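To start, the structure itself, in structure tokens.
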Amino acid sequence: MRTLLVTGAAGFIGSNFVRMLLDRGEQVKLVAFDKLTYAGNLANLSDLLKRHPDKLVFVRGDICDAKAVEAVWDQQGVTEVVHFAAESHVDRSILGSGPFVQANAVGTQVLLDVAKAKGVEKFLYVSTDEVYGTLPEDRPEIKFTEETPLQPNSPYSASKAAGDCLVRSYFHTFHLPVLTTRCSNNYGPYHFPEKLIPLFVTNLMEGKKVPLYGDGKNIRDWLYVEDHCDAIWTVLNRGRFGEVYNVGGNNEITNLVITETLIREMGRKWDDCVTYVKDRPGHDRRYAIDASKIENELGWSPKYRFEEAIKTTIQWYRDNESWWRAIKSGEYLKYYESQYGGR
Ligand code: NAD
Ligand code: TDX
């Protein structure tokens, strides 16, 4: 039986990945390994743990702790790793980069060393398009390819690039069977409400304003989270070791248009809802992914259309108010105050 160690499985994408595999009835055992930082939430997995006690176990632990990783590996009979665990929010990395280097660089190194010692069969690193840096907005023909040099611009993306380079080095030096995906911005259920879409949707539901950075013209390539999870599963099963696969939605949208869409869908008016705030320092202007490699080589392409999936996403936050209200309290409010002041 394949046994997957899924690090960061209590977070946004990791929990969606576990949910997708269990819903599809894939023949794997899943070991959800998560430190439960502020972003990790057992509520993202609790129904699955009840429904699939034979296929899913949860173990609380830190990827930086080699002994804890070794123990879970031996106890659960791990054969493969899907590595999501990370500090993931750019704004928090600007407030303080230490936890990002620790989790994303050191944590990845510790995990690689344990995986190497244990003879891992496959190790997939969930990287990000942000490692490539930024693109000019007036050259729409230019997109990130797997050959684009890594030029990370935020402490978050620099720490993800460190992990990405370490994974590459373990392939070249030790022939570790690694795979890397670099995906664009995700949206969907269980997305922590510090990120643009869930923050704006929940603020609008609370009757609060939404804080738009700078001129709002920054561009992101938005992909529904299940499409990303499906791409990861595809690469894990059919990707070539040592290769990088870009994953994207071919769906470039400015923050202004995202904001207009959310306000319209929620029946609100722009002037009542939007507050322009100081720009994010070092704010990348545009991300756009050329996903032709994964499409041509592995036959993956996105299944969800933004127009419908954004409605499903908004409805999920309407239906799961207790989930996000529990998060938007305590430590979250302190973070919100330090990030946005009184806005
Ligand atoms: P998230 O912040 O929602 O979840 C991260 C999870 O990792 C949390 O459950 C947290 O508790 C856990 N974690 C953090 N440090 C840990 C540690 N030291 N040990 C064990 N667990 C730890 O993040 P997400 O949005 O789900 O992102 C998951 C991965 O996908 C990250 O590696 C991120 O860089 C990458 N990614 C995200 C996006 C996106 O749009 N969200 C896009 C591309 C790539
Ligand atoms: O309050 C806000 N106002 C605003 O205008 C926030 C939180 C964001 N923004 C802008 C900044 C970006 O241009 O919206 C855009 C999206 O911001 P985020 O949701 O913070 O995402 P981003 O910085 O693009 O990074 C995301 O995608 C790549 C994830 O958080 C990363 O983990 C992933 O690697």
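The values are calculated or read from the model by the stated rules, or taken from the named source; none is laboratory data. All values reported here derive from a predicted model rather than from experimental measurement. Note: ideal-geometry Cβ built from the backbone for every residue, glycine included; neighbour counts use all protein chains shown. Each accessible area value is taken on the protein alone, full model and side chains, heavy atoms only, with ligands, DNA and RNA left out. Shrake-Rupley method; radii C 1.70, N 1.55, O 1.52, S 1.80 Å.
Observations on the model:
- For segment 143-243, the per residue solvent-accessible surface stands at 33 Å², with DNA, RNA and ligands left out and a 1.4 Å probe.
- Segment 79-147 - Kirkwood radius from inverse mean 1/r over Cα pairs (Å): 14.4
- Helix screen, the chain: DSSP H segments with Cα axial length of 27 Å or more and mean Kyte-Doolittle hydropathy at least -0.5 are 155-174.
- Viscosity 1.567 mPa s, 4 °C: Kirkwood-radius Stokes-Einstein D of segment 229-343 over Cα pairs, µm²/s: 73
- Under the Debye formula (equal points on every Cα, no solvent term), log10 I(q)/I(0) of segment 1-74 at q = 0.13 Å⁻¹: -0.33
- His175, His228, ranked by accessible area, largest first (probe 1.4 Å): His175, His228
- Once the mean of 1/r is taken over each pair of separate Cα atoms and inverted, segment 143-215 shows a Kirkwood hydrodynamic radius of 15.5 Å.
- The packing ranking of peptides 146-153, 84-91, 259-266, highest mean first, is 84-91, 259-266, 146-153, where packing means the average number of other beta carbon atoms within 10 angstrom of each residue.
- Segment 230-297: C-alpha pair distances exceeding 15 Å, %: 68
- Carbon/sulfur fraction of accessible area - segment 207-343, other protein chains in place, 1.4 Å, %: 47
- 5 angstrom amide H check on Ile219, placed H, neighbours 5+ away: Arg286, Tyr287
- Note on Cys64: accessible area is roughly 30 Å² with a 1.4 Å probe, heavy atoms of protein only.
- Counting only lysines at least 8 places from Lys209 when in the same chain, those with an alpha carbon closer than 22 Å to its own are Lys195, Lys217, Lys269, Lys278, Lys311, Lys328, Lys334.
- Hull-based mean projected area of segment 38-184, where the convex hull spans the alpha carbons, in square nanometres: 10.5
- Amide H partners (placed H, <5 Å) of Lys143, local residues excluded: none
- Radius of gyration and maximum dimension Dmax of the chain, Cα, Å: 19.2, 58
- Global geometry of segment 126-276, whether rounded, prolate or oblate, following the gyration tensor of its Cα atoms and the 1.5 cut on a/c: prolate
- Interchain or long-range residues, amide H under 5 Å from Thr128's placed H: Cys183
- Counting only protein chain heavy atoms and rolling a 1.4 Å probe, the accessible areas of Leu36, Leu298 rank, largest first, as Leu36, Leu298.
- Segment 1-142, accessible area per residue, ligands and nucleic acids excluded (1.4 Å, Å²): 39
- In order along segment 40-54, phi translates into HN-Hα couplings of x, 8, 5, 4, 6, 10, 4, 5, 5, 5, 6, 6, 10, x, 7 Hz, rounded to whole numbers, per the Karplus curve 6.51 cos²θ - 1.76 cosθ + 1.60 with θ = phi - 60° and x for Gly and Pro.
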